[in-house]
Amino acid sequence: MMGWLIINLSVLAKSVQDGSLSQSMILYQLFCAGWWLLNNKVELTTAAAIANCFVFLIGYLVFRGANKQKHIFKQNPKALIWGKPPKVIGGKLLASGYWGIARHSNYLGDLLLALSFSLPCGLSSPIPYFYPIYLFILLVWRERRDEARCAEKYKDIWAEYCRLVPWRIFPYLY
């Protein structure tokens, strides 16, 4: 968490140096979780710290794994996904690996990462959770736009993909 704060402060210092400091950057720095941790004593148990590390690790693996699978599929539609030939809908849509679990599984990874940045702050205030809440709203909104765009672009192929992969972001929930 402190490493993340150092990176944020480095970007802030570079923005000041370049004269490109924006209001959004100032607000972000004021409300980032590192600020919260510096001004509020939060004692994490060992179990809570380990659990948070798992949330981060799972989020990272899902985010990177899903994006890597999509990238590999675009380069070579016959490349193995999780050691098996990919299931492809209409010759265009990958329905294997992470993309066979949820249609926007990379968003799930992104949300877990954001949550892992806030969890060390505890549950005593909603302020550290502004970023994951904001990201959740943004990604659900984006997912809905993506769904509409894909339905228009792929037509029957998209409908088949939606039948095969019913979950949008959260498997078994949404």
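The values are calculated or read from the model by the stated rules, or taken from the named source; none is laboratory data. What you see is a predicted model, and the numbers here were worked out from it, not measured in a lab. Cβ: placed from backbone, ideal geometry, glycine included. Neighbour counts: every protein chain shown. Calculation scope for accessible area: heavy atoms of the full protein, side chains included, ligands and nucleic acids excluded. Shrake-Rupley method; radii C 1.70, N 1.55, O 1.52, S 1.80 Å.
Numbers below:
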| item | result |
| --- | --- |
| Single condition Arg145 does not satisfy, out of (1) open to solvent by less than 90 Å² (accessible area, probe 1.4 Å); (2) under 24 Å from Ala159 (Cα atoms) | (1) |
| Selected residue (only one of Tyr129, Tyr107 is surrounded by 17 or more Cβ atoms within 10 Å (Cβ to Cβ), within 30 Å of Glu43 (Cα to Cα), touching an Asp or Glu at 6+ places or on another chain (Cβ under 7 Å) and of a type in the set (Ser, Thr, Tyr)) | Tyr107 |
| Within the range 110-124, tally of residues that are open to solvent by less than 20 Å² (accessible area, probe 1.4 Å) and among the acidic types (Asp, Glu) | 0 |
| Selection count, the range 117-168, where residues are under 22 Å from Ala66 (Cβ atoms), in a helix (DSSP H, G or I), touching a residue at least 12 places away in the same chain (Cβ under 8 Å) and over 14 Å from the mean Cα position of the chain (by Cα) | 10 |
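A quick yes/no check of all residues on (1) open to solvent by 50 Å² or more (accessible area, probe 1.4 Å); (2) out of contact with any strand residue (DSSP E or B) (no Cβ under 6 Å at 6 or more places or on another chain); (3) at positive phi; (4) modelled with pLDDT of 80 or more:
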{"residue": "Met2", "(1), (2), (3), (4)": "yes, yes, no, no"}
{"residue": "Leu5", "(1), (2), (3), (4)": "no, yes, no, no"}
{"residue": "Lys14", "(1), (2), (3), (4)": "yes, yes, no, no"}
{"residue": "Gln17", "(1), (2), (3), (4)": "yes, yes, no, yes"}
{"residue": "Met25", "(1), (2), (3), (4)": "no, yes, no, no"}
{"residue": "Val42", "(1), (2), (3), (4)": "no, yes, no, no"}
{"residue": "Ile58", "(1), (2), (3), (4)": "yes, yes, no, yes"}
{"residue": "Ser96", "(1), (2), (3), (4)": "no, no, no, yes"}
{"residue": "Ala102", "(1), (2), (3), (4)": "no, yes, no, yes"}
